[in-house]
Amino acid sequence: MSEIYDVIVIGAGPAGYPAAIRAGQNKLKVACVDEWQNFDGTYAFGGTCLNAGCIPSKALLESSELFQRAKEEFSVHGIKIGDLKLDLAAMQKRRASIVKTMTGGITALFKANGVVGIQGHGRLLPGNRVLVTGKDGAEKTLAAKHVVLASGSVPIRLKNVPHDGKFIVDSWNALEFDAVPARLGVIGAGVIGLELGSVWRRLGSEVTVIEALDTFLPIADQTIAKEALRHFKKQGLDIKLGAKVSSAKVANAKVEGATAAGAHATAVDVVYTDAQGEHTLQVDKLVVAVGRKPFTAGLLAEGTGVSLDDRGFIKVDDHCRTGVANVWAVGDVVRGPMLAHKGKEEGVMVADLIAGHFAEVNYKVIPSVIYTQPEIAWVGQTEEGVKASGRAYKVGTFPFAASGRARAMEAAQGMAKIVSAQDDDEVLGIHVIGPMAGELIGEAVLAMEYSASTEDIQRTMHAHPTLSEAIHEAALAVDKKAIDSINR
Ligand SMILES: Cc1cc2nc3c(=O)[nH]c(=O)nc-3n(C[C@H](O)[C@H](O)[C@H](O)COP(=O)(O)OP(=O)(O)OC[C@H]3O[C@@H](n4cnc5c(N)ncnc54)[C@H](O)[C@@H]3O)c2cc1C
């Protein structure tokens, strides 16, 4: 006799666990099945985001930024420190402890919301049953009125760049290095490649980022992307655009300057081609960060009727219905940007729809953040996108160089930019590169969620001196009414 639930969620990442929690809040009988195991074989809820993505990367970005600032910025503030030393083991211990606290928190949230957390592999069987297989091979079958698939994504691997987890690694391995690689190669100048490259550059690595596209950050507004590229190059990130990696292999390399016979170390030879021809780059570690793909291995038994598109995503409609009665799918495993907050909103929406409530996700207003220094964040359309749509538009920018708060923070780099419609003044996109851009974008998201006009932001009082004044001033600049910078 199988256990019967109202809802079974497969996957406890940022899409699955909120779905389960909201289902519990909606007084539904709910179980959440997750198979994530850490390198040491322990189970943990939280998926990629909490265990190997958003949270550990932000922990290391914060620590490495403090190290960098202590090295280069403290003296500007009149703070003198002696011999600055890096204790990477302590930094990594802090990262691991934050992850443990956060993943442990999900167990507590499940308990508080009546969610039965089950650790093991979940497989959807026809008729809304789920076969759960534990680490020890023990099996049990659960049944539910509704099943939510939230199995997430995994890193894309390159055929000629064989992953070994030690020298040729993925983003998860790169968050757990126990020594700073002298020379680090990163394939891919996307969000993950730039964040990881920044961490290890700040901690002392010589970092080369190899990107196949000629355009830097094509998903971002190009005014912002150009400004970002300038800063990253100044920080010593060697970003090679239009460079295609054809192969990489682990090789024994002579240790530079060593005289002793046999003084060799393992390194990675990376072969890439750009407009100048073929090159070989030698690095100590190579991170492959070329994107992620939906993960559905072992998820769907024969005959469930759930279908995948040609890129492997589970097909869903705007409300995350798979087309099979009472089977839903959310998060990275379905179309749309692979972002934790997008998955979370989908998970919550589905749990509310199952309970018979009204719910929807506004896919037009999804914020993006890149946690580099300076930080980059945006919501809505880029200037290039609006131009291509043919709609007449106006633009306002405000440089952080004119912000008293940014100056006080020694972070007066970058700008806020607003793109608005010429006809009805609607805000179409807000883009920020600068200090705390990821926090500032919250105001922009709220404004766009409520279909704000530029004038709405212009007439909203912003505290002084705060970084948020940059958004206010950029809105004023749209109509050449900026007070604290020269209108152009
Ligand atoms: C280095 C890095 C940094 C990132 N930083 C950010 C960031 O700052 N902000 C942001 O928004 N996003 C970030 N992301 C992306 C973010 O992690 C993902 O968008 C998010 O985790 C997707 O959530 P999900 O729940 O759909 O999938 P996942 O988080 O991948 O979770 C899926 C879960 O389902 C489990 N699972 C899969 N199949 C089964 C099965 N058959 N049975 C049982 N369990 C199963 C998996 O083990 C996993 O635990 C980052 C990603 C990486 C790699």
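Details
- Taken along its principal axes, the alpha carbon cloud of the stretch 9-163 reaches lengths of 67, 45, 24 Å, longest axis first.
- Kirkwood Rh and Cα Rg combined as Rg/Rh, the stretch 186-337: 1.11
- Rounded to the nearest 20 debye, the dipole size of the chain about its Cα centre is 720 debye, using +1 on the Cβ of Lys and Arg and -1 on the Cβ of Asp and Glu.
- Overall, the ratio between the Cα radius of gyration of the chain and 2.2 N^0.38 Å, rounded to two decimals, is 1.05.
- When only alpha carbons of the stretch 392-488 are considered, Rg and Dmax amount to 12.1, 39 Å.
- Projected area averaged over orientations for the stretch 94-220, convex hull of C-alpha atoms, nm²: 12.3
- Working note: Debye formula, equal point scatterers on the alpha-carbon atoms of the stretch 6-58, no solvent; log10 I(q)/I(0) at q = 0.29 Å⁻¹ is -1.04.
- Extension gain from Ala179 to Lys159, taking 0.36 nm per residue of separation minus the Cα-Cα distance: 4.5 nm
- Highest-first packing order for the peptide set 331-342, 73-84 is 331-342, 73-84, based on the mean count of other beta carbon atoms within 10 Å.
- Highest average packing first - 39-45, 468-474, 51-57, Cβ atoms within 10 Å: 468-474, 51-57, 39-45
- Database note for the chain: Cys without another Cys beta carbon under 4.7 angstrom, Cys32, Cys320.
- 3J(HN,Hα) along the stretch 433-447, derived from phi through the Karplus expression 6.51 cos²θ - 1.76 cosθ + 1.60 where θ = phi - 60°, amounts to 10, x, x, 6, 4, x, 7, 4, 5, x, 4, 5, 5, 4, 4 Hz, with x in place of Gly and Pro.
- Mean shadow area of the stretch 351-429 over all directions, Cα convex hull, nm²: 8.2
- Whether the stretch 159-249 is rounded, prolate or oblate, judged on the alpha carbon gyration tensor where a/c under 1.5 counts as rounded: oblate
- Amide hydrogen neighbours beyond the local backbone of Ser153, cut-off 5 Å, H modeled: Phe295
- Using the Stokes-Einstein relation with a Kirkwood hydrodynamic radius computed over Cα pairs, the translational diffusion coefficient of the stretch 331-381 at 25 °C and a viscosity of 0.890 mPa s comes to 200 µm²/s.
- Working from the Cα coordinates of the stretch 131-183, the gyration tensor eigenvalues give, after taking √(5λ), semi-axes of 36, 14, 12 Å in decreasing order.
- Simple spin-label estimate for Glu439 and Thr466 in nanometres, 7 Å along Cα-Cβ: 1.0
- Between the stretch 185-231 and the stretch 45-71, the Cα center-to-center distance that results, in Å: 17
- Descending Cα extents along the principal axes, the stretch 276-367, whole Å: 59, 36, 24
- Considering only Val395, Thr141, Leu213, and ranking their Cα positions along the charge dipole of the chain that arises from unit charges at the beta-carbon of Lys, Arg, Asp and Glu, the one farthest toward the positive end is Thr141.
- Scattering curve values for the stretch 297-440, log₁₀ I(q)/I(0), Debye with Cα scatterers, q = 0.11 Å⁻¹: -0.60
- Pairs beyond 31 Å (Cα-Cα), from Lys244/Lys344; Lys100/Lys159; Lys159/Lys240: Lys244/Lys344; Lys100/Lys159
- Quarter the surface of the alpha carbon convex hull of the stretch 64-125 and you get the mean projected area, 7.9 square nanometres.
- The largest-to-smallest principal axis extents of the Cα set in the stretch 155-195 are 27, 23, 17 Å.
- Ordering of 11-19, 148-156 by packing [mean C-beta count within 10 Å, highest first]: 11-19, 148-156
- Furthest towards positive pole of dipole, Val161, Gly122, Phe67, structure part the stretch 63-203, Cβ charges: Gly122
Quick note: the coordinates plus some simple rules give every number you see, no bench work behind them. Source: prediction; values computed, not measured. Every residue, glycine as well, gets a Cβ built from its backbone with ideal geometry; the counts of neighbours run over all protein chains shown.
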